[in-house]
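Asks: If you scroll down you'll find the structure; I have some questions about it.
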Amino acid sequence: MDTNLDTSPLALVRADLRDFGGYRSARSDRLQGEVWLNANESPWPNLADREGSLRRYPDPQPQALREALAALYECAPEQLLAGRGSDEGIDLLVRALCRPGNDAIVVSTPTFGMYAVSARLHGTRVIDVPLRETDGEWRSDFNALADAAVAQDARIVFLCSPGNPTGALLPIGEIAALAARLAGRALVVVDEAYIEFADAPSAIRLIGTHRNVAVLRTLSKAHALAAARIGTVIADAELIDVLRRCQAPYPLPSACTDEALRALGRDAALQTRTRIATVRAERDALAQRLASAPGIRRVYASRANFVLVRFDDAQSAFERLLAAGVVVRDMRAAPGLGDALRISLGTPQQNASVLSILEARA
């Protein structure tokens, strides 16, 4: 590593945004009072607003939610930014670090499509270092990722672990080594949307020693709050401060914050852990049964809440499932997956239906 490189996360931020103040909303200063006349809100609630609270703009970063999420993810509240799902986190990172028309990100396909979408919307090049499929397993070429990032002067390397759509978990030691090699050069972003299903350590533990690591988490999957759209970026506090200044005003609707806090309460959290265990057991049983079903070429080992399956005739399998009212994700447009479908885990009864359909000969 070049010892002359500035390894502060601020060095990776666009120079024109390092001192950017962003928009200061009426809630930014956290003023206290009895009569609120500073935000041009209606003095009366809407007739449909039974609690009479929706006329007020919400806190941009509710302290109770930040503390609850920090406790859940075992980080400090100042290392955390909550927003509109992981998608907003991806967008903010690209926006803050990548100069339109100049910089690049690195991805490994097949992977979550929003990394490339956000980059292209911001005029940022996308460098692809494809995953390698070896002996039925998906692996990242970490040396190639580092080489591409350095050669192309990329600002961000996006990793998905467990991968979507592969379900493969990336070794935490390899992620740490990549971050060390790219210190002062690029941010390593680890998308852990499915980590609860993997029973594996989070890359959040790397942030203390590798300031160029950021982690994306979400309440959409394991916590069953997809419609609430609560996602989190966890990173060095200096980088979080920059992202917060780049975020649009009032990103978290009060109703969504309230639901998230209830979902992180003791009873709901206990139920979540029980259901995660059920999903893991169902996932492994489904994969084992599908591996011997007619017309199936391969079922990939998964650490997420889905399985990726290759078929002799994916179109026929897709149509048979759909005819029975079962909707799965068609992955055939993704690089290297022209014969694949991704099947999310449902309830045990729903999973049994999938098996009965696919185990029956066409």
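The values are calculated or read from the model by the stated rules, or taken from the named source; none is laboratory data. For clarity, every value in this text was computed on a predicted model and none was experimentally measured. When we count neighbours, we look across all protein chains shown, and the Cβ atoms used for this are built from the backbone with ideal geometry, even at glycine.
Asks: Could you tell me whether Ala314 is surrounded by 16 or more Cβ atoms within 10 Å (Cβ to Cβ), over 30 Å from Gly21 (Cβ atoms) and of a type outside the set (Val, Ile, Thr)?
Replies: Judged against the criteria, Ala314 is a match.
Asks: What residue, among those in the range 53-67 that are hydrophobic (A, V, I, L, M, F, W, C) and assigned to a helix (DSSP H, G or I), is surrounded by the fewest Cβ atoms within 10 Å (Cβ to Cβ)?
Replies: Ala64
Asks: In the range 86-106, is there at least one residue being surrounded by fewer than 16 Cβ atoms within 10 Å (Cβ to Cβ), under 27 Å from Leu264 (Cβ atoms) and touching a helix residue (DSSP H, G or I) at 6+ places or on another chain (Cβ under 7 Å)?
Replies: No: the range 86-106 contains no residue that is surrounded by fewer than 16 Cβ atoms within 10 Å (Cβ to Cβ), under 27 Å from Leu264 (Cβ atoms) and touching a helix residue (DSSP H, G or I) at 6+ places or on another chain (Cβ under 7 Å).
Asks: Can you confirm whether the range 269-278 contains a residue that is crowded, with 21+ Cβ neighbours inside 10 Å and more than 30 Å from Leu17 (Cβ to Cβ)?
Replies: no
Asks: Residues Arg342, Arg320, Arg280, Arg303: which one is under 29 Å from Leu131 (Cβ atoms) and assigned to a loop (DSSP other than H, G, I, E, B)?
Replies: So the residue among Arg342, Arg320, Arg280, Arg303 that is under 29 Å from Leu131 (Cβ atoms) and assigned to a loop (DSSP other than H, G, I, E, B) is Arg303.
Asks: Let me ask something else about it. Checking Ala360 against (1) hydrophobic (A, V, I, L, M, F, W, C); (2) buried (at least 16 other Cβ atoms within 10 Å of the Cβ); (3) at pLDDT below 95: exactly one of these is not met. Which one?
Replies: Of everything listed in (1) hydrophobic (A, V, I, L, M, F, W, C); (2) buried (at least 16 other Cβ atoms within 10 Å of the Cβ); (3) at pLDDT below 95, Ala360 misses just condition (2).
Asks: Counting only residues that are of a type in the set (A, V, I, L, M), give me the strands (runs of 3 or more DSSP E) lying completely in the range 118-213 with at least 3 of them.
Replies: Strands (runs of 3 or more DSSP E) meeting the threshold: 154-160, 187-191.
Asks: Considering only the range 310-317, I want to know if a residue exists there that is among the aromatic types (Phe, Trp, Tyr) and not in a strand (DSSP E or B).
Replies: No: the range 310-317 contains no residue that is among the aromatic types (Phe, Trp, Tyr) and not in a strand (DSSP E or B).
Asks: Moving on. Exactly one condition in (1) free of Cβ contacts under 8 Å to residues at least 60 places away in the same chain; (2) basic (Lys, Arg); (3) buried (at least 23 other Cβ atoms within 10 Å of the Cβ) is not met by Arg155; state its number.
Replies: (1)
Asks: Collect the residues in the range 50-94 that are of a type in the set (A, V, I, L, M, F, W, C), out of contact with any strand residue (DSSP E or B) (no Cβ under 9 Å at 6 or more places or on another chain) and closer than 30 Å to Asn38 by Cα, keeping them in residue-number order.
Replies: Of everything in the range 50-94, those that are of a type in the set (A, V, I, L, M, F, W, C), out of contact with any strand residue (DSSP E or B) (no Cβ under 9 Å at 6 or more places or on another chain) and closer than 30 Å to Asn38 by Cα turn out to be Leu54, Ala64, Ala68.
Asks: Being outside any loop (DSSP other than H, G, I, E, B), touching a strand residue (DSSP E or B) at 6+ places or on another chain (Cβ under 9 Å) and modelled with pLDDT of 90 or more is the filter here, so list the residues in the range 3-46 that pass it.
Replies: The answer is Leu12, and nothing else.
Asks: Does the range 107-129 hold any residues that are closer than 11 Å to Pro335 by Cβ, in contact with a Ser or Thr (Cβ under 6 Å, 6 or more places away or on another chain) and crowded, with 16+ Cβ neighbours inside 10 Å, and which are they?
Replies: Within the range 107-129, Ser108 is the sole residue that qualifies.
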